[in-house]
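Working notes, beginning with the structure itself.
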Amino acid sequence: MKNIVIVGRPNTGKSTLFNGLTNSRDALVHDRPGVTRDTISGIMPNRPWTVFDTAGLENTKSGIAHDSTDMAIKAIENADTVLFVVDGRVGLNPMDLEWAKLVHKKTKAPALLLINKSESNKRLADINDFYKLGFGEPVLISAEHKRGFDEIYEFIDKIAPIETTEISPDKKVKIAVLGQPNVGKSTFVNRVLGENRQIVKDEPGITRDTVKIPTHFYGRDIVIMDTAGLRRKAGVTDDVETLSALKSLDAIDKADIVILIVDATKNIENQALSIAARVYDAGKILCVALNKWDLVDPIERDEKLLKLKHQFTNSFHQIIKPLILAISAQTGTGIQNLFKRIYEQWDISDAETPTSLLNRIVEKLVADRQPPMSRLKRPMKIKFAHQTGRRPMKISINVGGASDIPESYTRYLRRGIATALHWEHLPIIIEYSKSENPFDKE
């Protein structure tokens with residue numbers, strides 16, 4: 001795969017262009033300048049390109065804007081081609097010239113100048129001014145309406161022709177990192193990547209986009225997703241934070257595994273339990289990572305871990321035994337063990353259980369504890385069970401007679417099946433189907 005890097009000053013439409021080229025909504029788009037902070041990446045469908053969206057250049061010597069610009073520069077240095085985006089309505093800006101100088105200095109990769117927001121010629125500034133940037137003839141585009149994309153495709157296909165490149169489907173395990181603000185999510189991601197790819201500051205709300213980064217860690221190819229911190233709705237007043245939170249929650253559906261980072265030095269808040277509930281309801285594998293464990297008093301660790309496991313176990317019926325592991329993202333302690341454990345669960349979740357084995361397990365459970373009588377005082381007869389799905393694990397149980405099995409008995413069956421098949425850390429869905437009574441038919 002080759003790298004396309006989208007660059008330009010803030011608010012020229014880089015993120016909209018990124019979403020158009022990757023056919024996604026991965027980049028957060030807002031009228032406010034400076035919304036993009038981290039460099040995010042995505043795959044261009046049917047072409048051998050990874051697309052990178054960068055933060056707009058800002059001349060500061062410290063702070064988030066400085067870190068964002070540094071990451072953009074690193075992306076330019078690794079580019080195979082550059083898409084330089086300017087605002088056609090505003091015209092040439094001194095910051096455009098500054099960005100252009102930087103691109104010419106940092107890379108020899110071919111670059112294409114894109115004049116965005118060119119829906120109407122009447123609203124365009126003098127496009128001849130843009131020749132001063134040194135990128136040659138510009139291409140007029142509208143990232144919002146995907147106009148001018150054919151010229152982009154023609155440009156990049158000359159660099160990496162489609163027919164000479166084999167594009168394999170993405171089979172990497174997708175791992176989303178979620179949690180409340182300032183619990184160490186980006187520090188954790190940087191530790192896994194082995195580089196400072198994500199901006200880390202000791203203040204909440206730094207990460208805004210959900211950043212997907214392909215990498216190889218502990219023996220496997222994965223895509224790790226760093227997400228924006230999730231706060232209680234009552235504490236969210238900014239619309240950019242609202243959009244960031246929605247993208248974080250959307251990452252749950254797109255992930256195979258979710259790592260929920262919590263601050264081990266503090267008590268578990270209801271917001272963390274709410275995130276866990278969403279993960280379980282989505283049928284995803286969840287690992288709760290107790291970060292900053294190195295800062296917890298060794299005398300208190302056993303009691304704290306026991307209390308947290310008890311709290312999670314009592315909060316959810318979808319899971320038998322929550323996977324809770326202590327780590328330190330700052331030092332790296334426990335991270336390899338965490339990935340070893342989640343890889344094990346991912347492999348187990350691909351299991352196809354023989355129907356005969358499953359029925360023996362269910363028969364023993366029923367023999368040990370008979371189903372209760374129905375509301376109509378009729379006996380409930382569990383006849384047959386078989387596995388109907390994986391990731392999440394789904395079991396269908398055929399019931400004769402009345403079929404209103406109470407939730408308490410379903411939890412009993414779920415626990416028994418999970419224990420017998422070593423599915424304790426996996427979400428299990430039990431569905432019932434009712435046997436037809438021939439005497440009910442006319």
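The values are calculated or read from the model by the stated rules, or taken from the named source; none is laboratory data. All of these numbers come straight from a predicted model, not from anything done at the bench. FYI the Cβ positions are ideal-geometry reconstructions off the backbone, even for glycines, and counts take in every protein chain you see. SASA here: full protein model, heavy atoms, side chains in, ligands and nucleic acids out. Shrake-Rupley method; radii C 1.70, N 1.55, O 1.52, S 1.80 Å.
Please pick out the residue among 353, 333, 410 that is among the hydroxyl-bearing types (Ser, Thr, Tyr) and open to solvent by 20 Å² or more (accessible area, probe 1.4 Å). Don't jump to the end; show me each part of the working.
Numbers: 353 fails: open to solvent by 20 Å² or more (accessible area, probe 1.4 Å); 410 fails: open to solvent by 20 Å² or more (accessible area, probe 1.4 Å).
One residue alone meets the criteria, 333.
Considering each residue of segment 261-296, count those that are open to solvent by 70 Å² or more (accessible area, probe 1.4 Å) and at pLDDT 90 or above, and give that number.
Let us first name the residues in segment 261-296 that are open to solvent by 70 Å² or more (accessible area, probe 1.4 Å), namely 266-267, 269-270, 278, 281, 294-295.
Still in the list and also at pLDDT 90 or above: 294-295.
Matching residues across segment 261-296 total 2.
Identify the residue in segment 72-126 that is at pLDDT below 85 and surrounded by fewer than 15 Cβ atoms within 10 Å (Cβ to Cβ) and, among all such residues, is nearest to residue 42 (Cα to Cα).
Out of the qualifying residues, it is 120.
Can you confirm whether segment 52-71 contains a residue that is modelled with pLDDT of 90 or more and under 22 Å from residue 21 (Cα atoms)?
Our first condition is that a residue be modelled with pLDDT of 90 or more; within segment 52-71, this holds for none.
Looking through segment 52-71, none of the residues is modelled with pLDDT of 90 or more and under 22 Å from residue 21 (Cα atoms).
Matching residues to (1) of a type in the set (S, T, N, Q); (2) exposed (fewer than 15 other Cβ atoms within 10 Å of the Cβ); (3) modelled with pLDDT of 85 or more:
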residue	(1), (2), (3)
186	yes, no, no
203	no, yes, no
209	no, no, no
218	no, yes, yes
221	no, yes, yes
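Are there any pairs, at least 6 apart or on different chains, whose C-beta atoms fall under 7 Å, with the first in segment 182-204 and more than 13 Å from residue 39 (Cβ to Cβ) and the second open to solvent by 70 Å² or more (accessible area, probe 1.4 Å) and at pLDDT 70 or above, and if so, which?
187/330
Please verify whether segment 365-377 includes one or more residues that are closer than 30 Å to residue 395 by Cβ, free of Cβ contacts under 8 Å to residues at least 24 places away in the same chain and within 21 Å of the chain's Cα centre (by Cα).
The answer is no; no qualifying residue exists.
Of the residues that make up segment 346-354, is at least one within 26 Å of residue 187 (Cα to Cα) and of a type outside the set (Lys, Arg)?
From segment 346-354, those within 26 Å of residue 187 (Cα to Cα) are 346; that's our starting set.
Checking the rest, the ones that are also of a type outside the set (Lys, Arg) come to 346.
Taking every residue of segment 346-354 in turn, at least one turns out to be within 26 Å of residue 187 (Cα to Cα) and of a type outside the set (Lys, Arg).
Is it fair to say residue 234 is open to solvent by 30 Å² or more (accessible area, probe 1.4 Å), at negative phi, modelled with pLDDT under 85 and not charged (D, E, K, R)?
yes
Considering every residue within segment 162-172, establish whether at least one is in a loop (DSSP other than H, G, I, E, B), at pLDDT 85 or above and more than 19 Å from the chain's Cα centre (by Cα).
For segment 162-172, residues in a loop (DSSP other than H, G, I, E, B), at pLDDT 85 or above and more than 19 Å from the chain's Cα centre (by Cα): absent.
Can you pull out every residue in segment 1-18 that is at negative phi, open to solvent by 20 Å² or more (accessible area, probe 1.4 Å) and polar (S, T, N, Q)?
Across segment 1-18, the qualifying residues are 3, 16.
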